[in-house]
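The structure under discussion appears below in the form of structure tokens.
The values are calculated or read from the model by the stated rules, or taken from the named source; none is laboratory data. Model, not experiment: these values are computed from the prediction. In this analysis, Cβ positions are derived from the backbone assuming ideal geometry, glycine residues included, and neighbour counts consider all displayed protein chains. Ligands, DNA and RNA are excluded from the accessible area calculation, which covers all protein heavy atoms including side chains. Shrake-Rupley method; radii C 1.70, N 1.55, O 1.52, S 1.80 Å.
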Amino acid sequence: MNLHGESDVREDYLAESEEVDFHHPSIGEQAAKLYAASSHETDFIQKAYEFVRDEISHSWDIQSARITCQASEVLHFREGICYAKSNLLCALLRSEGIPAGFCYQRLTLGDTPDTGYCIHALNAVFLQPSGQWIRLDARGNKPGIQAEFSLTGEKLAFPIRKAYNETDYPVIYAQPHPKTIQALRGNTDCRSMYLQGLPTEL
């Protein structure tokens, strides 16, 4: 897939925001811990990705009503939907000076189009040794979903099914898309938000 940045300014993918609050002490501490355990920058990227994928629960998988949004909040409660988890992974990477952004897919909410559609969030990270962007999906694995860190080909949670009118958006956004933040900020119960309150398109 031909990804392209929303911005040509690399510093835009290193910026802090309300949702990507990487100067919060807990984010810096966690990032530093992961970096110290890494042998090089790409190893750190993989460790940060796997931490968010495996150690932060997907709220729907655990049927939690709590909605998290800010990266520090996601880390504190150890849960969030894909929008929230992508905020945390972005914050951990930017905390160590690694450019990272946000990518999106339009997927069926359930297994078939009659269930409706939703926007799914994942991340893009810039690999400085090779000078390329790759996408990583930290949604969280479970039976039927197996996303992995890969440098040789994407291994995302959800392959696009064109027959179902699913879509890969090629843009790498510097900050979370406003529609995803509106969903997180405008709902009070994660379970009902997941079924009825997610954006259906960008």
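Descriptive notes on the structure:
- Tally of residues being out of contact with any helix residue (DSSP H, G or I) (no Cβ under 8 Å at 6 or more places or on another chain) and assigned to a helix (DSSP H, G or I) across segment 7-31: 5
- Looking only at residues of segment 159-202 that are in a helix (DSSP H, G or I) and free of Cβ contacts under 8 Å to residues at least 24 places away in the same chain, we find that the one that is nearest to ALA15 (Cα to Cα) is PRO178.
Residues checked against (1) at pLDDT below 95; (2) touching a strand residue (DSSP E or B) at 6+ places or on another chain (Cβ under 8 Å); (3) buried (at least 18 other Cβ atoms within 10 Å of the Cβ); (4) aromatic (Phe, Trp, Tyr):
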{"position": "TYR173", "(1), (2), (3), (4)": "no, yes, yes, yes"}
{"position": "PRO176", "(1), (2), (3), (4)": "no, yes, yes, no"}
{"position": "LYS179", "(1), (2), (3), (4)": "no, yes, no, no"}
{"position": "GLN182", "(1), (2), (3), (4)": "no, no, no, no"}
{"position": "GLY186", "(1), (2), (3), (4)": "no, no, no, no"}
{"position": "LEU198", "(1), (2), (3), (4)": "no, yes, yes, no"}
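- The residues in segment 114-143 that are open to solvent by 50 Å² or more (accessible area, probe 1.4 Å) and closer than 18 Å to GLU166 by Cα can be counted, and the count is 2.
- Test: residue in segment 110-121 that is at pLDDT 95 or above and under 9 Å from the mean Cα position of the chain (by Cα): yes
- Count of residues meeting criterion [part of a helix (DSSP H, G or I), open to solvent by less than 10 Å² (accessible area, probe 1.4 Å) and aliphatic (A, V, I, L, M)] in segment 40-85: 6
- Test: residue in segment 80-89 that is in contact with a Phe, Trp or Tyr (Cβ under 7 Å, 6 or more places away or on another chain) and modelled with pLDDT under 95: no
- Members of segment 34-80 found to be in contact (Cβ under 8 Å) with a residue 40 or more places away in the chain and among the aromatic types (Phe, Trp, Tyr), listed by number: TYR35, PHE44, TYR49, PHE51, TRP60
- Looking only at segment 11-39, and only at residues there that are surrounded by fewer than 17 Cβ atoms within 10 Å (Cβ to Cβ) and either at pLDDT below 95 or among the aliphatic types (A, V, I, L, M) (or both), the one that is nearest to the chain's Cα centre (by Cα): ALA15
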